[in-house]
Amino acid sequence: MRNLSTLAGLWLRQERYADAETTLAEAVKRARSVHGDAHAETARLLEQHAEALRGSGRGAEAEQSESEARRIRVQLDGSS
């Protein structure tokens, strides 16, 4: 997942949003499989995915991804 995130980050900096979005969608899927939904890594990848979506002009989908990341972070903060 870390390699996918690093690659996607490079693509985000290059404004290759479609490539970043595809890569981050896979990274989120893997994070959910390995860590589950309520994990900091899943939230971080969802935030990065939202950035790629927003860059691709998919604002509504970006909002959903950001909202889920916030929900996870609140859940994690409450369990500390």
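The values are calculated or read from the model by the stated rules, or taken from the named source; none is laboratory data. Since this is a predicted model, take the numbers as computed values, not measurements. We place every Cβ from the backbone using ideal geometry, glycine too, and count neighbours over all the protein chains shown. Surface areas here come from the heavy atoms of the whole protein model, side chains and all, with no ligands, DNA or RNA. Shrake-Rupley method; radii C 1.70, N 1.55, O 1.52, S 1.80 Å.
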Study note, to complete from the structure: With label points set 7 Å from each Cα along the Cα-to-Cβ direction at LEU76 and THR22, the distance between them in nm comes to 2.8 nm
**Study point:** 1.4 Å probe accessible area per residue over the chain, in Å²
**Key:** 59 Å²
**Study point:** Carbon plus sulfur fraction of accessible area for the chain, probe 1.4 Å, in percent
**Key:** 49 percent
Check your understanding: At a Förster radius of 25 Å, what calculated FRET efficiency corresponds to the Cβ-Cβ distance of SER56 and ARG32, to the nearest 0.05?
Key -> 0.70
Practice item. State the label only: which of (1) -0.31, -1.10; (2) -0.35, -0.99; (3) -0.57, -1.11 corresponds to log10 I(q)/I(0) by the Debye sum over Cα atoms at q = 0.13, 0.23 Å⁻¹ computed from the shown model? Key: (2)
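Assuming 0.36 nm per residue, please report the length gained on full extension of the stretch HIS39 to THR6 beyond their Cα-Cα distance. Before the final figure, lay out the partial values.
Numbers: separation 33, 0.36 × 33 = 11.88 nm, distance 1.86 nm.
The HIS39-THR6 span can extend by a further 10.0 nm.
What are the trypsin sites (Lys or Arg not before Pro) within the range 18-80 that DSSP puts in a loop, where the Cβ has at most 12 other Cβ atoms within 10 Å?
Details: sites: LYS29, ARG30, ARG32, ARG44, ARG54, ARG58, ARG70, ARG71, ARG73; in loops: ARG58.
Filter output for the range 18-80: empty list.
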Check your understanding: Against the longest principal axis of the chain, how steep is helix 40-55, in degrees 0 to 90 to the nearest 10, with axes from Cα atoms?
Key -> 30 degrees
